[in-house]
Amino acid sequence: MSILSISRGAFQRGRTAALLAALPLGVGASAARGQEQERECGERPELRVTVMDESGAVPLPGVVVAVQWTDGGRRPARGRTGEGGHYGVCAPRDAEGAVLWAEVGSDGSREVTVALERGGTHEVELRVVFAMSRPGRLLGRIYDARTDDPVATAAVSVVGRPGVVESNRQGQFVIEGLPRGERQLEVRRLGYALLRHPIVMSPGITTEVEVGLVPEPVEMEPLVAIAERSRRLEIKGFYERKHWGELLGLGQFFSEDYIERWRPTRMSQFIVDHTMLGSGLVNRRSGCAVNVFVDGMRVDVPDLDSVVLPIEVGGVEVYRGAASFPGRFSGSDLRCGAVAIWTK
């Protein structure tokens, strides 16, 4: 027998049963527009958004559109698409850019960044990807149940599915494209007991497993632990960056569970206590303050504790050098480092 610890992405919700009628909540929003519609925003930048399904063939009315201004200090605009999947909003006069995305229940579109020009009209198309239409992914780590050392070259497979993957030097493996439903995980390694254990795959969700192999002939009962993964952080790419960042040593990552164990009263103090950053979130190597982003929007370091509370945080990423930054933060001056905070 062998030990199996499973951390499963079980944040599974049904699709939205019915889409609500259009509510143009954005400044200067318009529910439906023709191609030749006259500008409504004067000299202010105007965003004209169309929300479609994943194929780009079906417009989606009643979908929530969120617009976040990249220069910070302003509340994001939110509203619903009207007939034809259209939504319009006038940007603040001095806004330099915007990040847009669409939300339908627990599903959503990819984020789109737009550079704004004064008096310009910007057409944006967002495509909603529904989780039910996508396969799941299995992400895991294999270790020796006695020593906790990683086990490399273990053969990992899913019964009934062709192909076998091997764990790397860190004991990690990835299996892509698994359909929803219950599957049988199988792990083989010379010198260890064979492991077989059921796993449940959710559509569009990454399921994490930690497998403790027991050297033969010792017999031990399997141990199964289950945890949920935030769908919101999955869409934002936090778990993907955490996996590769920790594997390659590109940054530090703190999940919601880790933050809750310490029960911090202020995010700034938590980051100082758990990273190599100094007081005031200063990079000790360069002596300058790092950049801070909350849900992709840049905020001033002194304002951090008034912008977000620890109980609102779902994940934190800390980067101390420009070479380690992911592409989503490109365009900012990140030489001093960056802290990315994601709310639940």
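Annotations
- Under 9 Å, Cβ to Cβ, from E43 - net charge with Lys/Arg +1 and Asp/Glu -1: +3
- Ranked order, D107, D303 - accessible area, probe 1.4 Å, largest first: D303, D107
- Debye log10 I(q)/I(0) for segment 145-262, one point scatterer per Cα, at q = 0.23 Å⁻¹: -1.53
- Rounded FRET efficiency, nearest 0.05, which uses the C-beta distance separating E240 from D94 and R0 of 45 Å: 0.85
- Full-stretch length increase - S157, Q269 - with 0.36 nm per residue and alpha-carbon distance subtracted: 36.0 nm
- Residue separation of E312 and S55 scaled by 0.36 nm, minus their Cα-Cα distance, works out to 89.1 nm of gained length.
- As a calculated quantity, the FRET efficiency between D71 and E210 at R0 = 45 Å, using C-beta atoms, amounts to about 0.60.
- Of all accessible heavy-atom area on segment 87-202, the percent that carbon and sulfur account for (1.4 Å): 47 percent
- Accessible area per residue was computed with a 1.4 Å probe on protein heavy atoms; F253 scores about 20 Å².
- Only protein heavy atoms count here; under a 1.4 Å probe, H122 has an accessible surface of about 30 Å².
The values are calculated or read from the model by the stated rules, or taken from the named source; none is laboratory data. Bear in mind the structure is a predicted one, so any value in this text is a computation, not a measurement. Backbone-built Cβ (ideal geometry, glycine too); neighbour counts: all protein chains shown. Surface areas here come from the heavy atoms of the whole protein model, side chains and all, with no ligands, DNA or RNA. Shrake-Rupley method; radii C 1.70, N 1.55, O 1.52, S 1.80 Å.
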